[in-house]
Amino acid sequence: MRCLCDEMRENEFRRLLRQTLIITALCIAAVLVCYFWIDRPVAFFVYRHHINTIQVFRWLTYPPPEVQNWSALVLTILMVRRAWGPFQHWQKVLLVACLSLIVADDFRISLGDVCGRYWPETWTHDNPSLIGTGTYGFHPFQRGDDIGSFPSGHACRILGFATVWVIAIPHSRIIATVLSAPMLVSLVAMNYHFVSDVIAGSALGAIVATYAAHLARLETP
């Protein structure tokens with residue numbers, strides 16, 4: 001029985017690996033399309049039409065980092081709670097979602113250093129940007145806040161957290177979509193990120209969350 005279970009788990013993670021490779025290939029293709037034909041026109045459109053002055057879009061960018069800031073406290077409370085008995089299902093899902101968010105964002109930081117992409121607009125310390133200085137493109141293996149646009153950390157956090165809930169509690173997908181989609185759109189609407197940054201960050205967050213949910217055995221048959 002144990003050998004059979006081990007074999008089933010191995011097959012499950014081989015399937016996950018195949019799906020991950022497919023998603024990664026599709027993501028790379030989408031990023032290339034956006035890089036050459038979509039990112040710059042959208043960034044200039046947002047800038048020329050002053051879309052980033054709409055306050056609601058700014059407010060929608062606040063929740064992802066705030067959720068990460070409070071994740072450590074949530075994890076601490078859950079660990080104290082565990083001393084009084086097994087987790088309820090939603091508590092285990094919350095635990096895994098917080099861990100997934102943290103790991104996904106750390107993964108994003110590492111990938112950001114590898115890719116080294118300039119931002120759409122200048123927003124801190126006169127950083128080079130497409131709108132501010134006409135700077136556009138990737139500069140691999142250069143570190144610094146001025147070249148950390150790709151992939152989007154906000155998008156990575158959003159999908160890293162929400163995807164765990166969708167996998168563990170499938171009927172929550174509507175709520176997750178309604179909450180996540182406007183926040184993802186706001187990143188482009190504020191010119192905080194290019195479209196391809198958001199696509200890559202979303203894919204990365206979703207992949208990390210999928211593995212987290214499966215490792216914790218939260219997946220629904």
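At a glance:
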quantity: FRET efficiency, THR76 to THR133 (Cβ-Cβ, R0 35 Å, nearest 0.05); calculated: 0.20
quantity: Between helix 89-115 and the chain: long-axis angle, C-alpha atoms, 0 to 90°, nearest 10; calculated: 40
quantity: Computed lengthening from ASN69 to VAL114, 0.36 nm per intervening residue step minus Cα-Cα distance; calculated: 13.7 nm
quantity: Segments 79-88, 133-142, 160-169 sorted - mean Cβ within 10 Å per residue, highest first; calculated: 160-169, 133-142, 79-88
quantity: Ordering of 92-100, 56-64 by burial proxy (mean other Cβ atoms within 10 Å per residue, highest first); calculated: 92-100, 56-64
quantity: Formal net charge of residues neighbouring VAL96 (Cβ-Cβ distance under 12 Å; K, R +1; D, E -1); calculated: +1
quantity: Positive-pole candidate from LEU130, LEU26, ILE167, dipole of the chain, charges at beta carbon; calculated: ILE167
quantity: Per residue solvent-accessible surface (Å²) - the stretch 36-189, probe of 1.4 Å; calculated: 56
quantity: Crossing angle, helix 195-215 versus the chain [Cα axis fit, 0-90 degrees, rounded to tens]; calculated: 10
quantity: Helical contribution to [θ] at 222 nm, DSSP H n ≥ 4, -39,500 (n - 2.57), averaged over the chain, rounded to 500; calculated: -24000 deg cm²/dmol
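The values are calculated or read from the model by the stated rules, or taken from the named source; none is laboratory data. Predicted model only: the values in this text are computed from it and were never measured. FYI the Cβ positions are ideal-geometry reconstructions off the backbone, even for glycines, and counts take in every protein chain you see. SASA here: full protein model, heavy atoms, side chains in, ligands and nucleic acids out. Shrake-Rupley method; radii C 1.70, N 1.55, O 1.52, S 1.80 Å.
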